[in-house]
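Below is one structure, written out as structure tokens, with a few remarks after it.
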Amino acid sequence: MSFSDFRLAGLVAMGAVVGSLGCGDSLGLPPPNFANVVDTTTLFALQGTPISSPSGYDMVSLSTSRTDLGQLFDLAFDIDQMGRALIYPASALGVQNEAALRVSSDEFDRIDRAPTEGYQADSAIVARADLVFLARSRAEATFCGFLGRIPRFGKFHVLAVDSDARSVTMELLVNVNCGYRALTTGLPAN
């Protein structure tokens, strides 16, 4: 066995030990540190509103975002020329990230876990009152340490679309714990 083979074997063994210490579940996730909470936010259309009005939502920082100041948002709201209210994943607006959306037929309160597949990164969804959708954020290394770049998952419920104010108001729950997909309030189990 060469020195580089020996070193690689040692690193693999050390990774297995570190990965098994303090893990939150069988997948090697760290224990959750943050309770999931339901929040409410309002976004304003990309077009026809003051530039200072937030049009995007950042699932990493859990805040609204001005899309003109950079690419730190995962979804954005607009009303097109035909009057349709649209919610875009950032990737559909040309932002280079992995954000994607998935319409759900379930009620907001009944969704307890985000699926890993079925998200659309290249097209908008039509927003209407009572629409429920799931979102996958861009992959970030923030707070995830050795796990690397991991997306966050969330559920959103459109409460109202206001054509006059050119806004959408939504309730949402985003799980900020590294690698967890549980979408219920409190500390997630997985």
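Odds and ends about this structure:
- Taking packing as the residue-averaged number of other Cβ atoms within 10 angstrom, the listed peptides 84-91, 161-168, 96-103 run from highest to lowest as 84-91, 96-103, 161-168.
- Accessible surface, segment 83-174, averaged per residue in Å² (probe 1.4 Å): 49 Å²
- Carbon + sulfur, % of accessible area of segment 49-115 - ligands and nucleic acids excluded, 1.4 Å: 47 percent
- Over segment 101-190: Rg over Rh, Cα atoms, Kirkwood Rh: 1.00
The values are calculated or read from the model by the stated rules, or taken from the named source; none is laboratory data. It should be emphasised that the depicted structure is a prediction, and the values quoted were computed from it without experimental measurement. Because the Cβ atoms are built from the backbone with ideal geometry, glycine has one as well, and the counts that use them run over all protein chains shown. Remember, those area values only see protein heavy atoms, side chains included, never the ligands or the DNA or RNA. Shrake-Rupley method; radii C 1.70, N 1.55, O 1.52, S 1.80 Å.
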